[in-house]
Amino acid sequence: MKSHLILSIVAKFLIPLVLLFALYVQFHGDFGPGGGFQAGVIFAAAVILHLLVFGHAATERAIPTSILKVCAALGVLIYGGVGVAALLAGGNYLDYNVLASDPVAGQHLGILLVEAGVGLTVASVMTLLAYAFQQRGHNA
Amino acid sequence: MLAAAGIAVLVSMALALARALLGPTLYDRILAVNMFGTKTVLFIALIAALVGRGDYLDIALLYALINFIGVIALLRYHEVSAKSGSEPPA
Amino acid sequence: MIDILLLLFLAITAIAIVRSRDTVTAVMLAGLSSLISACLFLLLDAADVAFTEAAVGAGISTLLMLSALHAVAPTKTRPRKVAWPALAVALLCGGLLAYGTLDLPPFAAPDNPVHQHVANHYLEQTNKEIGVPNVVTAVLASYRGFDTLGEIVVVFTAGLAVLLLIGRRRQEDQDDDAK
Amino acid sequence: MSPMEVIAAVLLGSGALLGVIGGIGLHRMPDFYTRLHAAGVTDTLCSALFLAGLALHFGATLASVKLALIFMFLMFTSPTSCHALANTAFASGLRPWQADSKGSTPPSTP
């Protein structure tokens, strides 16, 4: 399937739209179904489509493993950091009310950051898993 | 009107599911799963229309994309394993 | 009526998964069963759960299982012998669980304990306290922030473990190739 | 019923009918390639008609835009996956069944 012209053209057209849809799900989670977890998974699915159609070398060039490893840890750090920031601002751990001047704005900010952390970690971990399996397959 | 269309979609889902279970080749199964996925997208869109909630369509949109990626993954990995000569095509 | 039909589909798919002799087919049918569950969740008006089921169950886990099968050689045949003791244990467990459901309060009754505890607070106060229209997001990210932190740490740790198991071997193989 | 509803009903009905025809074709056709023909061809038009009917039902809202997006994705992905499926099947050695080759029973495995 390396030389599938139709497939690679359609994939080239489709992957940006899937990534866009992932961002929509990420930031629309407050209003409709969705959120960080689902957005991360959709993002990873787009990367896996790239991996399937264009091969591991091309995907690795677009999104290097080293960056993914940093991002996976960064997501958890953002989540934990929001909690620590709430502590420093004088509230309880993960109590977003104190993050901004009024509680509702603080909650909005907190949820946005936390969802971003979740999405980052899930997307990076799923992509890393796909990379790892793909490499094993080539080795076998 | 919507309910009748829903029954028709369910019937074609059942037919596709039967083909996915019967086979006989792996490609028949993949074809049937693909068709089942498309029909499910239509079914979810229909539920959204019946309940009158437009945000359910996000799920249909998601599955329209995921279904394609799944079929490509099935083909890609099966092709690789068939090429390596470890097994004949099912 | 529709739910009964979908549950029937689900049962048929589950039996077919157990009976299939080909791992690729089994993974494919597992994705199908996730999809049918997503439809059922949607019929129960649980849009967020359906979304997660479609994205995670039918999407990424099928993809990752397929790539895992690609990494190991997929097995084709399996003995078709019925394991009678296992079947007996499974039937006994299922029967006990079904017997246990008889004691559950009726489905969707308004005075069920689950509707009396914190659910009302969430439903009534979310708009004032959080200001987010989707109550599920408010519960997940704010009211139950600790649980979600736990979840994300689990995902991270699992990914780390897989990379430690698989990524390292890859390095050694490369070293062997270089020698 | 307003004319809009009549059009929506006709579109939904023909879409659903095509879906069922595709499902029957999946069982009546003798081998993989003819089944692909039955399912793959009907699938795209079936979803097009169905989604158009639902869009008329929703009217000019955000939901209709989403339906148009779903339609666009299906329009691209459904023929592509059918093409990839046929291509992979042929490359792996599955040959089309021909009526003059052997009786009326198709080969179930290559």
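The values are calculated or read from the model by the stated rules, or taken from the named source; none is laboratory data. Everything numeric here is computed off the predicted structure, so don't read it as measured data. Here Cβ is always computed from backbone atoms with ideal geometry, including for glycine, and neighbour counts include all displayed protein chains. Note: areas computed on protein heavy atoms with side chains; ligands, DNA, RNA excluded. Shrake-Rupley method; radii C 1.70, N 1.55, O 1.52, S 1.80 Å.
Worth a mention:
- Whenever a residue of segment A:121-140 is closer than 12 Å to A:L51 by Cβ and of a type in the set (G, A, S), its partners that are part of a helix (DSSP H, G or I) and at pLDDT below 85, lying with C-beta atoms within less than 8 angstrom and at least six residues away or across chains, give the pairs A:A132/C:I166; A:A132/C:G167; A:A132/C:R170; A:G137/B:Y77; A:G137/B:V80; A:G137/C:H70; A:G137/C:A71.
- Listed by first and then second residue, the pairs linking a residue in segment C:126-154 that is closer than 24 Å to C:D45 by Cα to a residue that is surrounded by fewer than 21 Cβ atoms within 10 Å (Cβ to Cβ) and β-branched (V, I, T), with Cβ atoms under 6 Å apart and 6 or more places separating them unless they lie on different chains, are C:T126/C:V135; C:G131/A:V104.
- Pick from segment A:1-43, criterion free of Cβ contacts under 8 Å to residues at least 12 places away in the same chain and β-branched (V, I, T), ranking: most open to solvent (accessible area, probe 1.4 Å): A:I9
- Residue in segment C:63-72 that is in a loop (DSSP other than H, G, I, E, B) and within 21 Å of A:A130 (Cα to Cα) present: yes
Residues are listed down the side, and each one gets a yes or a no for (1) closer than 20 Å to A:F37 by Cβ; (2) in contact (Cβ under 8 Å) with a residue 40 or more places away in the chain:
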| position | (1), (2) |
| --- | --- |
| C:L32 | no, no |
| C:A50 | yes, no |
| C:A54 | yes, no |
| C:G57 | yes, no |
| C:T62 | yes, no |
| C:L69 | no, yes |
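- Subset of segment A:68-122 [of a type in the set (S, T, Y) and open to solvent by less than 40 Å² (accessible area, probe 1.4 Å)]: A:Y79, A:Y96, A:T121
- Yes/no for A:I48 being in contact (Cβ under 8 Å) with a residue 60 or more places away in the chain and within 8 Å of another protein chain (Cβ to nearest Cβ): yes
- Residue in segment C:99-122 that is part of a helix (DSSP H, G or I) and under 20 Å from A:G34 (Cβ atoms) present: yes
- Wholly enclosed helices (runs of 4 or more DSSP H) of segment C:1-56 bearing at least 1 residues buried (at least 19 other Cβ atoms within 10 Å of the Cβ) and within 13 Å of chain A (Cβ to nearest Cβ): C:23-43, C:47-52
- Residues in segment A:79-104 that are more than 12 Å from chain C (Cβ to nearest Cβ) and touching a residue at least 12 places away in the same chain (Cβ under 8 Å): A:A85, A:V98.
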